[in-house]
1. Within a Cβ distance under 11 Å of Pro82, other residues only, what is the Lys/Arg minus Asp/Glu net charge?
2. Step through the residues of the range 39-49 one at a time and calculate ³J(HN,Hα) from phi using the Karplus curve (6.51 cos²θ - 1.76 cosθ + 1.60, θ = phi - 60°), rounding each to whole Hz and writing x for Gly and Pro.
3. Could you list log10 I(q)/I(0) for the range 41-100 at q = 0.17, 0.19, 0.23, 0.27 Å⁻¹, which the Debye formula gives when each Cα is one point scatterer?
4. State, to one decimal in nm, how far the label point of Val39 lies from the label point of Asp76, with both points 7 Å from Cα in the Cβ direction.
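Please treat every number below as a calculation from the coordinates, not as lab data. For clarity, every value in this text was computed on a predicted model and none was experimentally measured. No Cβ is skipped: glycine too gets one built from the backbone with ideal geometry, and neighbour counts run over all protein chains shown.
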Amino acid sequence: MTEGVPSAGSALPTPAMSSLPLAALNVRVRRRLSLFLNVRAPVAADWTVLAEAMDFEYLEIQQLEKYADPTSRLLDDWQRRPGASVGRLLELLAKLGREDVLMELGPSIGAVGWWWLSLTNTCKARNVTSRLSLRSASLQVPIRSD
């Protein structure tokens, strides 16, 4: 199995996912997450319970209730806080017993995470390559023989 990508039906965070920023979650995944969490249900943890688990205070949660898509706004606000990551989100959803969300979105989140890590590694490799090119270019001095 590829490191950092959960298998189908699994969304348990791996070490690579735990450092993945929440900004890596694309719009499609966020919208699907909202479909699950925006619905108030007495038998399942909704976005307000998730907000409490993310250490949002009562008044902050009250402010989020004003939005048509409070889950999306919650994720936007939370990603600015220290410790917010894809892995932490998955841990919280598991802690809240939202296996339905993990089963449905786990593969999508894993694919997004894999894409984000690949993109990050590609950018780092390009940066190193360009720095090496600049260094080697500065060391190459043509010798003239007049």
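1. On the way: positive: Arg80, Arg81, Arg88; negative: Asp55.
Residues near Pro82 contribute +2 overall.
2. Taking θ as phi minus 60°, the curve returns 6, 7, 9, x, 9, 9, 5, 9, 5, 5, 5 Hz for the range 39-49.
3. Debye intensities relative to I(0), on a log10 scale: -0.54, -0.68, -1.00, -1.30.
4. 2.4
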